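*Asks:* Sending over a structure as structure tokens; questions will come in a sec.
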Amino acid sequence: MNIVIVDDDVCFSNKLKDDIKKYFYTLDDEVTVFTINNDYQSLLDHSSIDLLFLDVDLKVKYNGINLGAYVKSKFPKILLVFISSYDDFVFPALSIGFFQFIRKSKYNFDMPKVFSQIKKYLIENIKRVIIHINGRKYAIKLSEINYILSIGHDLFIKTIDDDFTITSSLKKFMHEIEFSELIQIERNYVINLNYIKTISKSRIITLDNEEHNVGRKYQDNLMQKYEDFLLR
């Protein structure tokens, strides 16, 4: 799990980093924490970010809210936690789908609650599936699957970084993973709800502007699952 802290307050970011290590290393032994205190452009050099703590009050041309909006467009699945010295910052930040916020003035009160909410979410969303290809094992994070396509007796699995082809039926694979954000929209096609840009009952457009029809059999279930997904 890749965690990034962006804050021009070095003392605060170091304190937050220490607390993150104490709390989250028990959840995932592959946690890495990066801190960025001035070169904010380097944030965009990361190829993968799972959790971002972002100061709203950065003294830069692009404030934290604008920077957060850009990062969200690059990493749709990212958990964004805003940090601020001002208690009322949350109102302008509502335009972005951020996960939570921490007030520096009430850090000891906010931090345990926010960390607990993040932990609960991550437990539900860092699920992995082990697949076997030519005698080798690969661990795929389910939240990073863009789509699954069934072709004959094979499944083509498209993830953020890689493509995999395994021998399995779509029904069997979906039963084994039990992941609510992967939804079947056709007899041979499953889509990740996080990568939907626009949706109607019979059609979806993904973030990369690909258009897909939704089979009549799957329309009601898709709309219900997508509504639940937005309201969680």
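The values are calculated or read from the model by the stated rules, or taken from the named source; none is laboratory data. This one's a predicted model, so the numbers in the text were calculated from it and none came from an experiment. Quick reminder, even Gly has a Cβ in these numbers, built from the backbone with ideal geometry, and neighbours come from all protein chains shown. Only protein heavy atoms, including side chains, enter the accessible area calculation; ligands, DNA and RNA are left aside. Shrake-Rupley method; radii C 1.70, N 1.55, O 1.52, S 1.80 Å.
*Asks:* What do you get for the angle between helix 107-125 and the principal long axis of the chain? Use alpha-carbon atoms, 0 to 90 degrees, nearest ten.
*Replies:* Result, in degrees: 10.
*Asks:* If you project the alpha carbons of the chain onto the principal axes, what extent comes out on each, in Å, largest first?
*Replies:* 57, 41, 30
*Asks:* So, one more: Quick check on the stretch 113-232: what are the equivalent-ellipsoid semi-axes from the Cα gyration tensor, as sqrt(5λ), descending, whole Å?
*Replies:* Details: eigenvalues 99, 90, 31 Å².
Semi-axes from the Cα gyration tensor: 22, 21, 12 Å.
*Asks:* Further, regarding this structure: Counting other Cβ atoms within 10 Å, keep those with at most 11, restrict to DSSP loop, and tell me which trypsin sites (Lys or Arg not before Pro) in the stretch 116-190 are left.
*Replies:* Sparse-neighbourhood loop trypsin sites (Lys or Arg not before Pro): R187.
*Asks:* Compute the helix-to-body angle for 216-231: its Cα long axis versus the longest principal axis of the chain, expressed 0 to 90° and rounded to tens.
*Replies:* Here the helix axis deviates by roughly 10 degrees.
*Asks:* Another question, if that's okay. Which percentage, to the nearest 5, of the DSSP beta bridges contained in the stretch 76-232 is antiparallel?
*Replies:* Antiparallel bridges: around 90 percent, rounded to the nearest 5.
*Asks:* Counting only protein heavy atoms, what percent of the accessible surface of the chain is carbon or sulfur at a 1.4 Å probe?
*Replies:* After summing per-atom areas, the C and S share lands at 49 percent.
*Asks:* Would you kindly give the portion of the calculated P(r) for the stretch 139-183 that falls above 15 Å, as a percent of all Cα pairs? Could the numbers behind the result be given before it?
*Replies:* Numbers: 370 of 990 pairs.
Result for the distance tail: 37 percent.
*Asks:* As a test of the formula, what do you get for the chain when each DSSP H run with n ≥ 4 contributes -39,500 (n - 2.57) and the sum is divided by the residue count, at 222 nm and rounded to the nearest 500 deg cm²/dmol?
*Replies:* -10000 deg cm²/dmol
*Asks:* Please compute the contact order of the chain in relative form: average sequence separation of alpha-carbon pairs under 8 Å and at least six residues apart, divided by the residue count, as a percent.
*Replies:* 10 percent
*Asks:* Something else about it: What span do the alpha-carbon atoms of the stretch 1-47 cover on each of the three principal axes, reported in whole Å from largest to smallest?
*Replies:* Per principal axis, max minus min of the Cα coordinates gives 30, 26, 6 Å.
*Asks:* Pull out the extension gain between T32 and I133, defined as 0.36 nm times the separation in residues minus the alpha carbon to alpha carbon distance; nm, one decimal.
*Replies:* 33.6 nm
*Asks:* Roughly how many Å² is the accessible area per residue of the chain, as a whole number, for a 1.4 Å probe?
*Replies:* On a per-residue basis, the chain sits at 56 Å².
*Asks:* Would you mind finding the longest exposed-site-free stretch of the chain, with exposed GluC sites (Glu not before Pro) meaning DSSP loop and at most 16 other Cβ atoms within 10 Å?
*Replies:* With GluC sites (Glu not before Pro) excluded where exposed in loops, the chain gives 31-177 as its longest stretch.
*Asks:* Heavy atoms only, probe 1.4 angstrom, no DNA, RNA or ligands counted: give me T206, T32 ranked by accessible area, highest first.
*Replies:* If we order T206, T32 from most to least accessible, we get T32, T206.
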